[in-house]
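The next block holds one structure in the form of C-alpha cells; read it before the comments.
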C-alpha cells in the first residue's frame, strides 16, 4: 500500500440479493437461530439456517459465498470457539476464514463475555469485514434492534450509518437503552447490503 492509497477514496461496494447464513455450533441455540433468521427474512431473500456439529462444516458452508454470517456459539475467555466434537478455532481464525470467503458481515449473535472477544478476535489482514460481537442480547430488545437495523440496511444505508442512527455514540441517549450490548467494528463500513 502506498502513501497515496491511504487518502484515496474507497470504492463503495454494493451487494444486491444479499446471501445470509444464520447458524449455530450448538443445538441449544436453535430457537434463537429461527428467531433471528425470521428478522432477516423480512428484508432479504430467504436466509439459510443451519446447526453445525463441527467447525469444519461451518467453514465449508461459509465458503459457499455468503455475504452475512450470523453465528451463535460460545466464546471462551481465551477467545476460542468450541464445537460439539471438541474441536476449537480462535475468533481471529474464524474472522480470517470469513474474510477469505468474501463475507461482508460476521455477527456473533449469542451473548459472550467481552474478555474472549478482546483477547482473540483480531481483524483480518487484507480483506476487511464488518464485525459485531454480542455481549448481552437483552432478551426481546435484540430482535427489535436487529429488525430496525436490517430495515435501514436493506433500504440502502451502510451499516455504520444505520447503527449510529439507532445507537448514537452519546451514552446518555435514551435510544441506547433499547439496544443489545455489542462491540461493532466497521472494517467494511462502505458496503451496502441490499
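The values are calculated or read from the model by the stated rules, or taken from the named source; none is laboratory data. Everything numeric here is computed off the predicted structure, so don't read it as measured data. Glycine gets a Cβ as well: all are built from the backbone with ideal geometry, and neighbour counts include every protein chain shown.
Looking at residue 127, is it farther than 20 Å from residue 36 by Cα, touching a residue at least 24 places away in the same chain (Cβ under 8 Å) and either in contact with a helix residue (DSSP H, G or I) (Cβ under 7 Å, 6 or more places away or on another chain) or not in a helix (DSSP H, G or I) (or both)? Even if it seems obvious, please write down each step before you answer.
Working: farther than 20 Å from residue 36 by Cα: yes; touching a residue at least 24 places away in the same chain (Cβ under 8 Å): yes; either in contact with a helix residue (DSSP H, G or I) (Cβ under 7 Å, 6 or more places away or on another chain) or not in a helix (DSSP H, G or I) (or both): yes.
Against the criterion (farther than 20 Å from residue 36 by Cα, touching a residue at least 24 places away in the same chain (Cβ under 8 Å) and either in contact with a helix residue (DSSP H, G or I) (Cβ under 7 Å, 6 or more places away or on another chain) or not in a helix (DSSP H, G or I) (or both)), residue 127 qualifies.
Out of the residues in the range 146-162 meeting the condition of being outside any loop (DSSP other than H, G, I, E, B) and either in contact (Cβ under 8 Å) with a residue 60 or more places away in the chain or in contact with a strand residue (DSSP E or B) (Cβ under 9 Å, 6 or more places away or on another chain) (or both), tell me which one is farthest from residue 20 (Cα to Cα).
Narrowing the range 146-162 to residues outside any loop (DSSP other than H, G, I, E, B): 146-154, 159-162.
Still in the running and either in contact (Cβ under 8 Å) with a residue 60 or more places away in the chain or in contact with a strand residue (DSSP E or B) (Cβ under 9 Å, 6 or more places away or on another chain) (or both): 146-147, 150-151, 153-154, 159-160.
Numbers: 146: 14, 147: 15, 150: 12, 151: 15, 153: 14, 154: 13, 159: 15, 160: 19 Å.
Out of the qualifying residues, it is 160.
If residue 145 satisfies all but one of (1) buried (at least 17 other Cβ atoms within 10 Å of the Cβ); (2) over 18 Å from residue 185 (Cβ atoms), what's the number of the condition it fails? Against the list (1) buried (at least 17 other Cβ atoms within 10 Å of the Cβ); (2) over 18 Å from residue 185 (Cβ atoms), residue 145 comes up short only on (2).
For residue 128, are the conditions met, namely being within 15 Å of the chain's Cα centre (by Cα) and at pLDDT below 95?
Details: within 15 Å of the chain's Cα centre (by Cα): yes; at pLDDT below 95: yes.
It is true that residue 128 is within 15 Å of the chain's Cα centre (by Cα) and at pLDDT below 95.
Residues in the range 39-67 that are assigned to a helix (DSSP H, G or I), surrounded by 15 or more Cβ atoms within 10 Å (Cβ to Cβ) and touching a residue at least 24 places away in the same chain (Cβ under 8 Å): 39, 40, 55, 58, 59, 61, 62.
What are the residues in the range 78-107 that are part of a strand (DSSP E or B) and either buried (at least 19 other Cβ atoms within 10 Å of the Cβ) or touching a helix residue (DSSP H, G or I) at 6+ places or on another chain (Cβ under 8 Å) (or both), if any?
Step one: filter the range 78-107 for residues part of a strand (DSSP E or B), giving 80-82, 88-90, 105-107.
Within the range 78-107, 80, 81, 88, 89, 90, 105, 106, 107 meet the criteria.
What do you reckon, is residue 135 surrounded by 21 or more Cβ atoms within 10 Å (Cβ to Cβ) and in contact (Cβ under 8 Å) with a residue 24 or more places away in the chain? So residue 135 does not fit the description; no.
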